[in-house]
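Each reported figure results from applying straightforward, stated rules to the coordinates on display, with no laboratory input. Note that the structure is a prediction, hence the values are computed from the model and not measured. In this analysis, Cβ positions are derived from the backbone assuming ideal geometry, glycine residues included, and neighbour counts consider all displayed protein chains.
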Amino acid sequence: MSEVYVMVTICSRKNMPRFVDCYKDYNVEAANISLGRGTASSDVLDLLGLEDDEKGIHMSLVTEDTWKNVKKGLQSKLRIDVPGTGIAFIDGQEYKKGDESTLKDTKHELIVAIANYGYNTQVMRAAEEGGATGGTVLHGKGVGMKRAEQFLGVSLVSEKEVILIVAKSSQKNAIMRAIMDKAGVDSKAGTIVFSLPVTSTAGLRILEDSQDEEVNDENNN
């Protein structure tokens with residue numbers, strides 16, 4: 001049995017070199033780095049201590065043991081739990097030869113929305129109505145569009161925006177439903193949305209504590 005995960009890091013562009021240097025200490029060198037833009041509202045930015053919306057996205061493959069060591073390093077060396085440093089998470093599952101396995105009881109999900117260029121604001125407004133606190137936008141270009149048009153039965157444009165949203169598993173369905181209702185395939189945004197389980201996270205403790213406090217307040221009232 002082997003355990004391979006995609007490790008995703010989202011931080012301000014100016015902080016990305018610090019993360020890359022930290023990962024090299026744990027022999028995580030092969031990676032893809034993209035540039036993006038955050039969409040979180042000002043109150044969420046204040047909560048997380050973020051000052052800008054220019055983001056760097058680092059993706060690499062790691063084993064479970066490597067992630068455990070990297071996570072400790074992020075917490076001790078980069079103090080990732082301090083607001084404004086960034087967030088990191090892994091996405092994947094155990095692979096067993098000859099068997100199909102699934103992840104259960106994951107606390108977070110990575111929601112991926114792929115929309116036509118220029119509609120990320122519409123997608124994020126819909127996601128926020130569903131309970132999302134923010135996301136990261138990547139610009140891209142679709143390939144194989146003709147075959148996709150035949151499959152989906154709608155006209156698709158090649159210029160795309162990819163919106164990444166990390167949310168609690170309990171919020172996933174509401175967020176995805178809101179996106180599809182207000183910015184789905186039948187709209188000008190033409191959004192396709194799916195989710196992936198997030199196995200573990202680092203850097204989201206402040207936000208989680210705040211959300212837990214809100215739930216407790218609601219239960220006490």
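Quick notes on this one:
- Highest-first arrangement of 70-82, 17-29, where packing means the average Cβ count within 10 Å: 70-82, 17-29
- Extension reserve of the Tyr117-Asn27 stretch, reckoned as 0.36 nm per residue once the Cα distance is removed: 28.7 nm
- Length available on full extension from Arg79 to Leu35: 0.36 nm per residue minus the Cα-Cα distance, which gives 13.6 nm.
- Links that overshoot a 20 Å alpha carbon limit, given the list Lys160/Lys182; Lys77/Lys168; Lys107/Lys160; Lys14/Lys107; Lys72/Lys172: Lys77/Lys168; Lys107/Lys160; Lys14/Lys107; Lys72/Lys172
- Applying 0.36 nm per residue to the separation of Glu129 and Val185 and subtracting their alpha-carbon distance, the gain on full extension is 18.3 nm.
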